[in-house]
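Working notes, beginning with the structure itself.
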Amino acid sequence: MAREQIGSNPPEQPGHSPKSPGLLAGYTSHRLLYNWPAETLILELRASSRFLLPTRLFVRHKDTEAYEQIGSPAEDVSYESPVTCGSHPVVVFNSLKRSKVGADWDGIYFYHLDSKELKLCVSPQTLRLSEAHGRLWIAELISLSEDAQTLCVNIGVEKTVSGGGIMHYYLAKVELRDQQVGLLSRLLDTRF
């Protein structure tokens, strides 16, 4: 029966793989996640050319073909670094505001896959670290706890020293209820 289903589709043309409905031109898939409770695929797309287009996130139920974009971010905002868990129909992701010289951390968003509700859950103004520091920013989300309340992240911490500041990166946990940061381990190599 599986052979019949595969063989019943029209023959594909040589060259590029066909794109799923709903995906943007000029982008290529970067990472694919699956959320078991919502039976939903989560696709992170990055620009396929040398132009710095913002990263976008798309979702689709496993039984449909068309993807839907998460939110409608501004042209200079990237939604990236998604994580999900096996017990709740949610995806949590990082947001960066891009410019020609780099990017500023914009916040962490929580997206409910069933209701399609999108909300900011951590911002630069609400993120808290008990140690003395300058700026804090989330470089990347690593994982989400099973109760969807704790994130494991790669966080940048600027420490003030005489004559300026020095940046260090850490593996850290962020409690979403109170946005409290707990540093777990210093990362000497900032790019993984």
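We did not get these values from a lab; they are worked out from the coordinates using the rules stated. Every value quoted in this text rests on a predicted model; they were computed, and no experiment measured them. Here the Cβ positions follow ideal geometry from the backbone for every residue, glycine too, while neighbour counts run over all protein chains shown.
Values as computed for the structure displayed
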| read-out | value |
| --- | --- |
| Dipole-positive endmost among Phe110, Met167, Leu129 within region 80-178 (Cβ charges, Cα centre) | Met167 |
| Added length on full extension, which subtracts the Cα-Cα distance from 0.36 nm per residue, Ser130 to Ser29 | 32.6 nm |
| Low-density loop positions, trypsin sites (Lys or Arg not before Pro), region 46-143 - DSSP coil, at most 16 other Cβ in 10 Å | Arg50, Lys62, Lys100, Lys116, Arg135 |
